[in-house]
Amino acid sequence: MYVAVKGGERAINNAHRLLAEKRRGDRDVAEIETSQIEQQLSLSVTRVMAEGSLYDRDLAALAIKQGRGDLIEAIFLMRAYRTTLPRFAFSKPVKTAEMDIARRISATFKDLPGGQILGPTFDYTHRLLDFTLMANGEEPATAHTADHPVDETMPRVLDDLLNYEGLIQDEPNPTNDDAPVADLTREAVKFPADRDLRLQNLARGDEGFVLALGYSTQRGYANSHAFVGEIRYGSVAVEIEPEELGFAIDIGDIELTECETVNKFKGSKTKLPQFTRGYGLVFGQNERKAISMALVDRAMRAREMGEQVMGPAQDEEFVMEHSDNVQATGFVEHIKLPHYVDFQGELELVRRMRAEVLERLAKADAADAENARSQPEAAE
Amino acid sequence: MEQTVNNPLEASSAYNFAYLDEQTKRMIRRALLKAVAIPGYQVPFAGREMPMPYGWGTGGVQVTAAVIGPDDTLKVIDQGADDTTNAVSIRQFFAKTANVATTEKTAEASIIQTRHRIPEKELREDQILVYQVPIPEPLRFLEPRETETRKMHALEEYGLMHVKLYEDISRHGHIATTYAYPVMVDDRYVMDPSPTPKFDNPKMDMMAALQLFGAGREKRIYALPPYTKVKSLDFEDHPFEVQSWKDECGMCGATDSYLDEVILDDKGNRMFVCSDTDYCSERQDAGHRGPQHHDQPLGTSHSNGKAAE
């Protein structure tokens with residue numbers, strides 16, 4: 001017998017309890033501390049900060065713990081917290097030229113002023129599972145410190161080295177540091193979108209999505225071949241300038257990865273050919289995201305460069321409307337919510353259409369039979 | 001009521017009344033005023049990230065948060081029902097963050113947030129109906145680009161929509177849209193009524209209550225002020241018509257409400273029951289009975305429901 005489904009409230013509360021139980025796992029295993037996540041899963045932490053658009057390592061670690069290691073869930077938790085925070089100041093643009101460098105490499109020059117600084121990287125490791133980590137037998141290696149510190153004003157490959165010869169396009173340099181910058185968390189996105197908005201969207205965008213789009217530009221879905229001019233990773237100071245002070249104060253350091261690509265050149269019979277640029281900037285050490293972002297940034301400059309839009313990465317509406325994983329996961333997963341009212345409408349229509357077809361067929365059959373009966377009579 | 005486990009909203013009063021900060025509410029109210037001034041026009045607004053996922057009604061929640069006051073009484077329905085999980089969750093959210101009274105009775109609510117239905121009971125001037133909208137753009141599936149669809153609305157260029165409806169008729173013999181059936185608002189804007197079944201479209205026309213629509217992910221708000229003309233698109237020779245059922249509600253015997261189909265077993269037995277739970281229970285309280293009501297032995301004839309009326 002049908003009993004209307006009641007008691008959803010109790011079921012939900014119990015589901016939440018079960019979720020908490022599953023998060024904790026086997027109680028014979030020590031509970032993970034957020035400080036352990038913060039220290040030892042630091043790349044998860046920085047991804048959550050980057051796509052959660054909130055630089056707070058402790059909160060990101062908490063979000064990862066609460067989200068049971070599901071990083072999109074953690075990003076969602078960060079976003080929902082971030083949205084409630086008041087804005088008390090806007091920072092000055094950070095100066096990545098003055099970054100305290102931990103890693104800096106260029107793929108366009110074998111050696112260059114400032115040198116190739118490898119820093120912490122997976123790049124040349126052999127991906128062999130290290131079973132000593134599992135056996136808790138880790139003997140942490142301590143890295144040697146270089147004899148001399150890195151160049152304090154590490155030259156930028158694109159601005160200081162390539163641009164010296166005029167080989168790379170000039171970036172329109174905002175003359176005023178205080179010029180307004182678009183913020184898609186405070187204003188609905190309008191198209192066509194300017195580059196500041198596009199870059200913000202990519203910086204928050206899902207790493208996997210931006211990676212796949214960047215990859216697609218390398219496989220012919222946009223013709224903007226790229227070299228990595230420079231990647232730098234390290235910490236920069238964040239400064240704000242309170243109105244009542246009139247000068248900037250340092251409020252702390254953040255870690256950033258910056259990537260500048262040197263792309264396919266442009267020129268004509270009358271104009272000197274020049275390389276073009278793509279730009280990526282992301283919290284923490286995340287070169288995959290920074291490079292992908294630079295590739296997609298360059299691809300989305302198609303309109304500005306007068307290029308034909310032939311791939312999805314060049315289509316700013318397509319990219320920007322689908323890059324946000326919190327939006328995407330919400331909308332994709334919402335189809336598991338009840339839809340029986342709408343489905344009922346479809347059921348009713350399909351049944352009616354089927355009935356009409358059957359009725360028509362039956363009528364046609366009857367007419368055929370009628371014809372068959374009347375034919376012999378007509379022959380008589 | 002049982003305690004919700006580990007709910008941070010409960011643990012701290014770090015959140016403003018109805019969750020959103022006052023600056024954000026002001027921004028949403030400005031968008032709402034514009035929407036009311038231009039019925040059916042989609043107003044972009046700076047939708048915020050909410051603590052529930054996109055697709056779960058973040059637009060509706062933001063609109064409700066912007067219009068709700070401490071004296072309001074809130075009703076939340078999903079698929080017409082107060083007891084579906086998402087309706088329960090949103091109702092709890094406002095009960096916690098705004099400490100407002102909640103109700104399941106349509107008549108007692110001052111604000112009704114809904115997903116996919118309009119209550120069967122006629123709404124009054126002192127009520128607000130807030131719709132959760134997934135895709136606010138009625139032309140989206142004809143033209144994916146926002147730049148294009150905004151132009152089409154600006155130029156009142158709705159030919160494409162009529163062509164689509166015409167193609168439905170030539171292909172299926174019917175307009176094959178059963179929900180989110182497009183409407184013309186005040187003879188100007190084509191609007192998506194949100195995925196309510198077309199059964200509900202006529203209720204929107206000249207409704208006494210204020211109707212507000214919030215699309216969180218798409219960051220759009222639109223509105224129908226009270227007593228606005230809302231016409232479902234159709235053709236003279238193929239007039240708009242709503243769904244109808246051969247059956248009545250198995251519980252209350254209603255023949256005028258939207259019915260959900262409930263599968264009873266694996267032998268093809270099914271019954272129909274009102275999607276609007278409040279409407280159905282009110283009728284049952286008033287003594288109306290359908291053929292499958294638990295007071296009644298299964299399989300009694302339909303006339304039982306009629307006899308109770």
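The values are calculated or read from the model by the stated rules, or taken from the named source; none is laboratory data. As the structure is a computational prediction, the values presented were derived from the model and not from experiment. Cβ sites come from the backbone with ideal geometry, for glycine too, and all protein chains shown count toward neighbours.
Would you say B:Ile28 is more than 8 Å from chain A (Cβ to nearest Cβ), among the hydrophobic types (A, V, I, L, M, F, W, C) and not in a helix (DSSP H, G or I)?
Here the answer is no, as B:Ile28 does not meet what is asked.
Would you point out which residue out of B:Lys164, B:Lys198, B:Lys231 is more than 14 Å from chain A (Cβ to nearest Cβ) and touching a residue at least 24 places away in the same chain (Cβ under 8 Å)?
B:Lys231
Can you tell me which residue among B:Ala87, B:Ala107, B:Ala95 is without any contact (Cβ under 8 Å) to a residue 24 or more places away in the chain and within 12 Å of another protein chain (Cβ to nearest Cβ)?
Answer to the selection: B:Ala95.
Considering only residues that are surrounded by fewer than 19 Cβ atoms within 10 Å (Cβ to Cβ), in contact (Cβ under 8 Å) with a residue 24 or more places away in the chain and among the aromatic types (Phe, Trp, Tyr), which ones fall in segment A:56-108?
A:Phe90
Going by the structure shown, is B:Gly173 surrounded by fewer than 16 Cβ atoms within 10 Å (Cβ to Cβ), within 24 Å of A:Gly345 (Cβ to Cβ) and not acidic (Asp, Glu)?
yes
Check A:Gly208, A:Gly166 and return the single one that is closer than 20 Å to A:Gly311 by Cβ and not acidic (Asp, Glu).
A:Gly208
Identify, from the list B:Ile77, B:Ile38, the residue that is aliphatic (A, V, I, L, M), at pLDDT 95 or above and within 28 Å of A:Ala11 (Cα to Cα).
B:Ile77
Restricting to helices (runs of 4 or more DSSP H) lying wholly in segment A:294-334: which have 2 or more residues that are more than 10 Å from chain B (Cβ to nearest Cβ)?
Details: elements: A:302-305, A:316-322, A:325-333.
Answer list for segment A:294-334: A:302-305, A:316-322.
Tell me which strands (runs of 3 or more DSSP E) are completely within segment B:156-215 and hold 2 or more residues being touching a Ser or Thr at 6+ places or on another chain (Cβ under 9 Å) and among the aliphatic types (A, V, I, L, M), or say none if there are none.
The qualifying strands (runs of 3 or more DSSP E) are B:183-185, B:210-215.
Tally time: how many residues in segment B:97-112 are of a type outside the set (Ser, Thr, Tyr), in contact with an Asp or Glu (Cβ under 6 Å, 6 or more places away or on another chain) and over 12 Å from B:Ala81 (Cα atoms)?
2
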